[in-house]
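**Q** Below is a structure I'd like to ask you about.
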Amino acid sequence: MGKASFVIRRTLQLVVTLWAVGTVLFGLFRLMPGDPTSYVVSSQMTPEARRKIIASYGLDQPLHIQYIKFLENLIQLNFGQSFHSDRPVTDVIATYLPNTLVLMLTAFIMAYAIGITLGILSGWYRGSRFEKNAVIVALTARSVPTFYVGLIVLWIFGAGLGVIPMSGMTSLGSQSTGFWQMVFSLDFLHHLLAPALVLGFYFMGYPLLIMRSSMLEVLSEDFIDVCRAKGLKERTIMFKHAARNALLPIVTAAAIALGYAVGGSVLIETVFAWPGLGREMVRAVLRRDFPVAQGTFIVLAATIITLNFIADLAYGYLDPRVTYD
């Protein structure tokens, strides 16, 4: 199988997976208990007025008609109207998604910068106390729930010491003329620090462990002995030769981890009351606003699936040993 055939096959799999995710979400949210239109249909309305509002959302139609309409709208990236705010779901996503991306990308960059560095050093100094401590830190970061770490950070540094804000991404009364002006303000960075560090601590264990294992494998290769025989400095061998060749698994795994990072920010956004897409998704589920819940779930799922697809393609280009048979 050539590269073109592989790309076509994986693209078809991506489309089928997205269809399956959308179908499951469609069924799940319609099986939820309670009336999803309770926010827009008042008990004081006349029966005729109630029927008109329900019909405007298409909820009076048979389930299979609703499903067909749902698929048609999904192809057009039209997720419908919010039951709660009566806004288009695409507008809701556009409002909260940038906040999630800023938090997630900040945590991701910090986690991979620190994790890769610690992974290189722990692999190089195998058997040392540094390696043992680094592995303990990595396993702790991957094992302790993020919401638990977030609550402890809020309790100690927020409620106790008062050095970090307790919630939100800006202080009350702060004003900014645009999104980027807000992002680069000191007040925003002050609010961003704690949730980004907590989220970054959780993500750090993944690249650290992968980089350590990859370094141990590379250090057993013959070219490392050749580099030492040439009289190269240990630092040069470690970073320029060993670490450079050990980065391949990290590069491909980063695309997958980046997708899961979007979903992993849900708990942190909830704990720190960060107005992002994950927190809005939780609130939509609680108030049975399934157009918003569906839209946010689909966006997060599509992000993860697409980044997995990119990782598959990137691996073939970065490693010439990979075949498509």
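**Q** Limited to the stretch 146-173, what total is found for residues that are open to solvent by less than 60 Å² (accessible area, probe 1.4 Å), closer than 19 Å to Asp187 by Cα and either in contact with a helix residue (DSSP H, G or I) (Cβ under 7 Å, 6 or more places away or on another chain) or part of a helix (DSSP H, G or I) (or both)?
**A** 9
**Q** Of the conditions (1) assigned to a helix (DSSP H, G or I); (2) modelled with pLDDT of 80 or more, Pro275 satisfies every one except a single condition; which number is it?
**A** In the conditions (1) assigned to a helix (DSSP H, G or I); (2) modelled with pLDDT of 80 or more, Pro275 misses (1) alone.
**Q** Just give me the residues in the stretch 69-94 being open to solvent by 50 Å² or more (accessible area, probe 1.4 Å), out of contact with any helix residue (DSSP H, G or I) (no Cβ under 8 Å at 6 or more places or on another chain) and of a type outside the set (Asp, Glu), in sequence order.
**A** Lys69, Ile75, Gln76, Arg87, Ala94
**Q** Using the structure shown, decide if Arg142 is surrounded by fewer than 21 Cβ atoms within 10 Å (Cβ to Cβ), within 16 Å of Phe108 (Cβ to Cβ), of a type in the set (Lys, Arg) and touching a residue at least 60 places away in the same chain (Cβ under 8 Å). It would help to see each step written out before you state the result.
**A** On the way: surrounded by fewer than 21 Cβ atoms within 10 Å (Cβ to Cβ): yes; within 16 Å of Phe108 (Cβ to Cβ): yes; of a type in the set (Lys, Arg): yes; touching a residue at least 60 places away in the same chain (Cβ under 8 Å): yes.
Spelling it out, Arg142 is indeed surrounded by fewer than 21 Cβ atoms within 10 Å (Cβ to Cβ), within 16 Å of Phe108 (Cβ to Cβ), of a type in the set (Lys, Arg) and touching a residue at least 60 places away in the same chain (Cβ under 8 Å).
**Q** Continuing with this model, one more query. If you take just the helices (runs of 4 or more DSSP H) that sit entirely in the stretch 1-112, which of them hold at least 1 residues that are at pLDDT 85 or above?
**A** Numbers: elements: 3-31, 47-56, 63-75.
Once the helices (runs of 4 or more DSSP H) in the stretch 1-112 are filtered for at least 1 residues that are at pLDDT 85 or above, what remains is 3-31.
**Q** A further question follows. Go through (1) in contact with a helix residue (DSSP H, G or I) (Cβ under 9 Å, 6 or more places away or on another chain); (2) of a type in the set (A, V, I, L, M, F, W, C); (3) open to solvent by less than 80 Å² (accessible area, probe 1.4 Å); (4) in a helix (DSSP H, G or I) for Leu197 and report which single condition fails.
**A** (3)
**Q** For the stretch 266-287, name all the residues that are hydrophobic (A, V, I, L, M, F, W, C), open to solvent by 30 Å² or more (accessible area, probe 1.4 Å) and within 14 Å of the chain's Cα centre (by Cα).
**A** Scanning the stretch 266-287 gives a single hit, Leu267.
**Q** Further question on the same structure: Just to be sure I understand the filter: pairs with C-beta atoms under 8 Å, separated by 6 or more residues or on different chains, first member in the stretch 185-201 and over 16 Å from Met110 (Cβ atoms), second member among the basic types (Lys, Arg) and at pLDDT 85 or above. Which pairs pass?
**A** Sorted first by the residue in the stretch 185-201, then by its partner, the list stays empty.
The values are calculated or read from the model by the stated rules, or taken from the named source; none is laboratory data. Bear in mind that the values here come from a model prediction, so they are computed numbers and not experimental data. No Cβ is skipped: glycine too gets one built from the backbone with ideal geometry, and neighbour counts run over all protein chains shown. The accessibility values were calculated without ligands, DNA or RNA, using every heavy atom of the protein model including side chains. Shrake-Rupley method; radii C 1.70, N 1.55, O 1.52, S 1.80 Å.
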